[in-house]
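As structure tokens, the structure follows; a few thoughts come after it.
The values are calculated or read from the model by the stated rules, or taken from the named source; none is laboratory data. Just so we're clear, the structure is a prediction, and the values are computed from it rather than from any experiment. Cβ sites come from the backbone with ideal geometry, for glycine too, and all protein chains shown count toward neighbours. In case anyone asks, the SASA skips ligands and DNA or RNA and just uses the protein heavy atoms, side chains included. Shrake-Rupley method; radii C 1.70, N 1.55, O 1.52, S 1.80 Å.
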Amino acid sequence: MEVTRENAWATLTRYTTGESLLRHALAVEASVRWYARAAGEDEEFWGCTALLHDFDYEMHPTLDQHPQDGAPILRDEGWPEELVEAVLSHAEHLAIPRDTPLKRTLFACDELSGFVHACGLVRPTGLEGLTPRSVRKKLKQPSFAAGVHRDEVVAGAELLGLELDVHIANVVAALQPIAGDLGLPTGAAAD
């Protein structure tokens, strides 16, 4: 399987139909690609890995299945083992070492991308003007985006060696260009 966004999108949409899960994949992809560019890494490979990280979630929505039961599907389709291993590593319950920059970045961007997206959904201006301080304030509200694991948000920033505010600002910047794809107001609409 050639690692291209087109191929990753085809695999993702073959197994995922829900709009919220597709938007989550797009958000994590944008964040991971942002970090790949910043670090001079392979943006296409990293982005494809991020797109596919939850591809099996609709079929395997429980921890005893996701993502481990999806890994054989990726292997059967011919995705490289490095990509499959990174997908597996994003799941905290599998305790797979996050021993590469890609694995650390995928983990760090997963929960926070979803949380930042949720923050944008409740603001009339979407992501425009969203500050790390505002995101941190929402993180302290357990009822807001209750499915997001706050401990993983904090651990992700630490794993990247970044202050949480810096990581939040990076993810907000990564998501702003795709705000429309995430169902959020775009810069022009937010003004």
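Given the options Leu164, Cys119, Leu102, identify the residue whose Cα lies farthest towards the positive end of the charge dipole of the range 89-173 (+1 on Cβ of Lys, Arg; -1 on Cβ of Asp, Glu).
Of the listed residues, the answer is Cys119.
Per DSSP H run of at least 4 residues, take -39500 (n - 2.57); add these up for the chain, divide by its residues and hand me the 222 nm value, nearest 500 deg cm²/dmol.
Rounded to the nearest 500, it is -18500 deg cm²/dmol.
By a straight-distance test (C-alpha under 15 Å), which aspartates and glutamates pair with Lys140 as possible cross-link partners, with residues fewer than eight away in the same chain excluded?
Reachable aspartates and glutamates: Glu111, Asp151, Glu152, Asp165.
Cα atoms only: what Rg and Dmax, in Å, come out for the range 1-59?
Taking only Cα atoms of the range 1-59, I get Rg and Dmax of 11.1, 34 Å.
Net charge near Gly183: determine it from the other residues with C-beta under 11 Å of the C-beta of Gly183, scoring Lys and Arg +1 and Asp and Glu -1.
Surrounding charge for Gly183 is -1.
Roughly how big is the chain's charge dipole about its Cα centre, with Cβ charges of +1 (Lys, Arg) and -1 (Asp, Glu), in debye to the nearest 20?
940 debye
How big is the Kirkwood radius of the range 35-101, worked out from every pair of different alpha carbons and given in Å to one decimal?
12.4 Å
Starting from one equal scatterer on each C-alpha and no solvent at all, send me the Debye-based log10 I(q)/I(0) for the range 83-191 at q = 0.24 Å⁻¹, two decimals.
-1.29
Quick check for me: using +1 on Lys/Arg Cβ and -1 on Asp/Glu Cβ, what's the dipole size of the range 90-150 about its Cα centre, in debye to the nearest 20?
So the dipole magnitude of the range 90-150 works out to roughly 320 debye.
Which helices, taking whole DSSP H runs in the chain, have alpha carbons extending 15 angstrom or more along the helix axis plus mean Kyte-Doolittle at least -1.0?
Both cut-offs are met by 19-39, 101-121, 150-160, 164-175.
Sort 109-122, 172-185 for me by packing, meaning the mean count of neighbouring Cβ atoms within 10 Å per residue, highest on top.
The densest-packed peptide leads the list: 109-122, 172-185.
If you add up the charges near Met59, with Lys and Arg at +1 and Asp and Glu at -1, over every other residue whose beta carbon is less than 12 angstrom from its beta carbon, what do you get?
Once all neighbours under 12 Å are counted, the net charge is -3.
Rg and Dmax in Å for the chain, alpha carbons only: what are they?
Cα radius of gyration and Dmax of the chain are 15.6, 47 Å respectively.
Rounding to the nearest 20 debye, state how big the charge dipole of the range 121-163 is about its Cα centre with +1 on each Lys and Arg Cβ and -1 on each Asp and Glu Cβ.
300 debye
What does the charge add up to near Phe107, with Lys and Arg as +1, Asp and Glu as -1, over the other residues with Cβ less than 11 Å from its Cβ?
Neighbourhood net charge equals -2.
Could you provide, to the nearest whole Å², the per residue accessible area of the chain with probe 1.4 Å?
45 Å²
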